[in-house]
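Novice: Attaching a single structure in structure tokens format; questions to follow.
Values quoted throughout were computed directly from the atomic coordinates according to the rules given, and no laboratory measurement underlies them. The shown structure was predicted, so the numbers you read here are calculated from the model rather than taken from an experiment. No Cβ is skipped: glycine too gets one built from the backbone with ideal geometry, and neighbour counts run over all protein chains shown.
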Amino acid sequence: MEAAAEPGNLAGVRHIILVLSGKGGVGKSTISTELALALRHAGKKVGILDVDLCGPSIPRMLQVQGKAVHQCDSGWVPVFVDQEQSISLMSVGFLLEKPDEAVVWRGPKKNALIKQFVSDVAWGQLDYLVVDTPPGTSDEHMAVVDTLRPYSPLGALVVTTPQAVSVGDVRRELTFCKKVGLRVIGVVENMSGFVCPHCAECTNVFSRGGGEELARHAGVPFLGSVPLDPELTRSLEEGRDFIRGFPESPAFPALSCIAQKILNEAPVGLS
Amino acid sequence: MEEVPHDCPGVGSAQAGRGASCQGCPNQGLCASGAGAAPDPAIEEIKEKMKTVKHKILVLSGKGGVGKSTFSAHLAHGLAEDENTQVALLDIDICGPSIPKIMGLEGEQVHQSGSGWSPVFLEDNLGVMSVGFLLSSPDDAVIWRGPKKNGMIKQFLRDVDWGEVDYLIVDTPPGTSDEHLSAVQYLAAAHIDGAVIITTPQEVSLQDVRKEISFCHKVKLPVIGVVENMSGFICPKCQKETQIFPPTTGGAEVMCHDLKVPLLGKVPLDPRIVIRFRLKAGYRISLEDSRGRCPACPVYREARHSPPCTRLLSVRVATKDSLFWLKHRIHQPP
């Protein structure tokens, strides 16, 4: 039995997008971060909810690791990554006493924190809330889908890399989406080829074509391929704005295209 | 245990069976009686079962996608090159079981016998078990919460008839959660030699791997060493090296020095591994002689001697080095 959604802290959030993958290390956090940066560049207010409790990557990617989380009347105040307060972030990373401290929790405790993240963070007015998830189809994913269901998320971006061992896991993630009634906005193929900076030869380091084939097999849109770019990796390591800093990068057109598809799919205009 | 309420306080908790969320749970009586907090009898059963397994190694990483399964497969093949060494590879990544695909064993089924489940044998001396063998379709998703995953891991350790094994390699999912706690808990009485931890050079991996090392310390699991995977890429055309995943904070070398854990080796990015998966040949690079048709082969063979690549070992050589140091550390007197 589902109670009617109490708007609460998500009342001001226009669109919710989940970023999923059955496979680890394919770039969910990268795509979540770059999507948020690209949407910000399009003038939107974006929140990022990082529900990867064991491996919270996003604080460092936005150069806000170590920041404290404050309380207000409505709950926790998310951390703003810029002065204009156009991107806000909540992550378990902010709640750890030491950065190397391991969160060694079983499922029920993880579920409880995810519920709190959804209901007790004072997001305020947001155009988009991007939810970054850990790999798999388990506690965190069921918790976040169940808790967000009353707020009708826009859907899921499903990230893969081209090779068979990733596609094999991501197929299962698409099955998960179907089973829990979560719409798939589309598949993104990350780490799709590497252009040698010395000779411009393109090598398919992680094979090729798997993402597009997967999207076709599952009958969902294919949103594009993002190539490997050490500048992108470096930007994430150093918390720099890749979208602003590297418009010439081979990864830029693909990332912009994905953001544009979201903007077209779920426009936020003047109301 | 069957499905538990979403807000289950945990069977070991002081609130077990007594909390508001316990109302209506089929296990409420069990927990309230304190039976849930008693040691699981399976731990002793697994200890008995593991008496025929000489060495147990967990392959861990805080981070996903760094090559745990690939390295586990390398290790299993490398150890099994000696026909007299019995090797077992157990895949406890319940949601994302990669090992069947990597070993070229997709579609294989597990059989039951009087003495338990039979692993799938790739070679006479190399047996494999994974939840992947229990799924009827590649699209089947295993959407299980923690307690059910734990039950599966318990079954794998207790009910698989491994026989006499020299090395049991346990491939794990990323993170520090149910699967990892269960593996350590169920093997607690059976003595685990230790963990090999896989990382890639960049900080976004290392920050998770430091947590994994902290987890190992917390649960008193010895760290045999760290392997840095995807450590450099040599362009097959111009043969120049690029760090696709740059070690902006010094890579595994600096982390290992800071945390005082051994660095077992560095393995470069090699597209050949990926290509072989796609051909359904499974992964196999012989440690003695890799005569693939990749244009980078001459570079890889000479990697040790050529000046721009002195720090870049070929997959073949790096794995052999890691294997050497791993065996050396396992067999060191206490």
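Novice: First measure r as the distance between the Cβ atoms of A:K98 and A:C199, then evaluate 1/(1 + (r/R0)^6) with R0 = 25 Å and state the FRET efficiency to the nearest 0.05.
Specialist: Between A:K98 and A:C199 the formula returns 0.05.
Novice: Using bins 10 angstrom wide from zero, how does P(r) for the range A:10-264 break down, in % of all Cα pairs?
Specialist: 7, 33, 38, 19, 3, 0
Novice: Taking amide H atoms as placed 1.01 Å from N in the peptide plane, list the residues 5 or more away in sequence, or in a different chain, whose amide H sits under 5 Å from that of B:L60.
Specialist: So B:L60 has HN proximity to B:V196, B:I197, B:I198.
Novice: Additional query: With a ≥ b ≥ c the root eigenvalues of the C-alpha gyration tensor of the range B:58-115, is it rounded (a/c under 1.5), prolate (a/b larger than b/c) or oblate?
Specialist: In terms of gyration-tensor shape, oblate.
Novice: For A:D73 and A:E238, what does the FRET efficiency come to when R0 = 30 Å and r is the distance between their Cβ atoms, rounded to the nearest 0.05?
Specialist: 0.25
Novice: Still on this structure, I have one more. Calculate, for B:H191 and A:E213, the FRET efficiency according to 1/(1 + (r/R0)^6) with r their C-beta to C-beta distance and R0 41 Å; round to the nearest 0.05.
Specialist: So, using R0 = 41 Å, E works out to roughly 0.35.
Novice: Quick test of your reading: applying the under-4.7 Å Cβ rule, which cysteines of chain A are isolated?
Specialist: Cysteines lacking a close Cβ partner in chain A: A:C54, A:C72, A:C177, A:C202, A:C257.
Novice: Please give, to one decimal in nm, the separation of the simple spin-label points placed at B:D258 and B:L135, each 7 Å out from Cα toward the Cβ.
Specialist: It works out to 3.6 nm between the two label points.
Novice: Using DSSP, restrict attention to beta bridges with both residues in the range A:10-264 and report what percent are antiparallel, rounded to the nearest 5.
Specialist: If we restrict to bridges inside the range A:10-264, about 20 percent are antiparallel.
Novice: Considering amide H positions built from the backbone, and no H for Pro or chain starts, which residues 5 or more places from A:F222, or on another chain, come under 5 Å of its amide H?
Specialist: Sorted by chain and number, the residues that satisfy this are A:V187.
Novice: Karplus couplings for the range B:51-57 from phi (6.51 cos²θ - 1.76 cosθ + 1.60, θ = phi - 60°), rounded to Hz, Gly and Pro as x?
Specialist: 5, 8, 10, 6, 10, 10, 10
Novice: Expressed as a whole number of Å, what is the distance separating the alpha-carbon centroids of the range A:223-271 and the range B:173-248?
Specialist: 29
Novice: List the trypsin sites (Lys or Arg not before Pro) within the range B:161-262 that DSSP assigns to loop and that have no more than 10 neighbouring Cβ atoms inside 10 Å.
Specialist: Here the trypsin sites (Lys or Arg not before Pro) that fit, given the DSSP loop and packing criteria, are B:K220, B:K260.
Novice: About its Cα centre, what dipole magnitude does the range A:10-264 give when the only charges are +1 on Lys and Arg Cβ and -1 on Asp and Glu Cβ, stated in debye to the nearest 20?
Specialist: It works out to roughly 740 debye.
Novice: Now for a different question. Quick one: which of B:K47/B:K101; A:K23/B:K101; A:K67/B:K218; A:K109/B:K149 span more than 22 angstrom between C-alpha atoms?
Specialist: The pairs that break the limit, which is 22 Å between Cα atoms, are B:K47/B:K101; A:K67/B:K218.
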